[in-house]
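Beneath this line is the structure, given in structure tokens, with notes to follow.
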Amino acid sequence: MKVHLLGTGAAEGIPAFYCRCRVCREAAERGGVELRTRSSVFIDGTLKFDNGPDTYAQKVRHRLDLTAMTALVFTHAHEDHFTPTELIWRARNFIQAGVPKPLSVFGNAVVGELLQSLCERYKLDKGEFCDKLSLKFTQVEPFVPFATGPHTIHPVRATHDPNQVSHNYVVMRDGRAVLIGFDTGRYDEATWEYLSNFRLDCALMDCTTGQRPEGVYHMGLEDNLRVREEMLKRGIIDVRTRYVLTHISHGGGWLHTELKEHAAQAGMIAAFDGMVIDV
């Protein structure tokens, strides 16, 4: 699998909109890998996880062909991961040439409700709306796998928002397995037990809080040390598994170059926007 990290930032991005902290100031000055757009991953050029407010900028920056996207999977309905109005541009009246492939959209109940609200805004029933945008929505549940194209996807329960079911996902293709671990604290036992069925080749894990342990809604480096150790103990990963830190906030207190150094000391990899991992 080709895993393309389009964005690796938390909700505010780096530099954040209205912040003058050291990380934001120096990131703006240095540019390059220090800049982080909101988190999203594109796998094999057809399967996308999350579609936030930086989707257009990521499309241009990384020269993406979004007409080839056939599946869009949402972790949850927070605005930095789910910006439903960006799907409006799939309507044929916004396209001068070519037609995007039919799009399968997967997400929790709140994602479905917000898509329904978008239908009402445009005064279309759900069937007309989905036909107009050439998409089909399917609600997913933790621990109930589904298939799309050549990929099998296993939703697990993230520890994040008590007001909605947030998901992380194990993506499988040709015997290879990648964990998409955005927006989660340390997992509950049901998720650990389910993950124990897999042997991961790559884990993309939340490290929003950087220097600060949090563990309830997000994770910092210390939380990731504990999670990685638990994964090793349960046989979910081994020493060859690439354990990648992503969903990074300026509030974590580290520039990318600093996080990279601390991650390497812990046997982990610090992600950056545009990173490609061949799994």
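Computed from phi, the 3J(HN,Hα) profile of region 139-155 under the Karplus parametrisation 6.51, -1.76, 1.60 (θ = phi - 60°) reads 7, 10, 10, x, 6, 10, x, 8, 10, 8, x, x, 9, 10, 10, 10, x Hz, with x in place of Gly and Pro.
Residues whose amide H comes within less than 5 Å of that of residue 36, counting only those at least five positions distant or on another chain, are 14 (H built at 1.01 Å from N in the peptide plane). When the Cα atoms of region 3-104 are aligned to their principal axes, the ranges along those axes come out at 45, 27, 26 Å in descending order.
All other residues with a Cβ under 13 Å from the Cβ of residue 175 taken together, and with Lys, Arg as +1 and Asp, Glu as -1, what is their net charge?
+1
Listed by chain and number, the aspartates and glutamates whose C-alpha is less than 17 Å from the C-alpha of residue 123, apart from same-chain residues fewer than 8 away, are 113, 131.
Sum -39500 (n - 2.57) across every DSSP H segment of at least 4 residues in the chain, then divide by the residue count to get the 222 nm mean residue ellipticity, nearest 500.
Details: 7 runs with 68 residues, N = 279.
Value at 222 nm, helices only: -7000 deg cm²/dmol.
Using all pairs of distinct alpha-carbon atoms, the Kirkwood hydrodynamic radius of region 138-279 works out to 15.2 angstrom.
Here the spin labels are modelled as points 7 Å beyond Cα on the Cα-Cβ line, and at residue 46 and residue 123 they lie 3.9 nm apart. Between residue 190 and residue 232, the distance separating the two model label sites (each 7 Å from Cα on the Cα→Cβ line) works out to 3.0 nm.
Specify the residue with the greatest mean-square fluctuation among 57, 109, 263, computed from a Gaussian network of the chain linking alpha-carbon atoms under 10 Å apart. In this elastic network of the chain, the residue with the biggest mean-square fluctuation among 57, 109, 263 is 57.
Comparing 235, 52, 98 in a Gaussian network model of the chain, where Cα atoms under 10 Å apart are tied by springs, the biggest mean-square fluctuation is seen for 98.
Sorting 35-46, 59-70 by average packing, meaning the other beta carbons within 10 Å per residue, from highest down gives 35-46, 59-70.
Just need the Rg to Rh number for region 2-278, please, alpha carbons only, Kirkwood Rh. Could you put the intermediate results ahead of the total?
On the way: Rg = 18.2 Å, Rh = 19.0 Å.
My calculation puts Rg/Rh at 0.96.
Based on alpha-carbon atoms, the Kirkwood radius and the radius of gyration of region 97-154 give Rg/Rh equal to 1.02.
For the peptides 25-31, 164-170, what is the packing order when you average, over each peptide's residues, the other Cβ atoms within 10 Å and list the highest mean first? All intermediate terms of the calculation are to be shown ahead of the outcome.
Values: 25-31: 13.6, 164-170: 23.4.
The densest-packed peptide leads the list: 164-170, 25-31.
Laboratory data are not the source of any read-out in this text; all were calculated from the coordinates shown. Computed from a predicted structure; not experimentally measured. Glycine also receives a Cβ, built like all others from the backbone with ideal geometry; neighbour counts cover every protein chain displayed.
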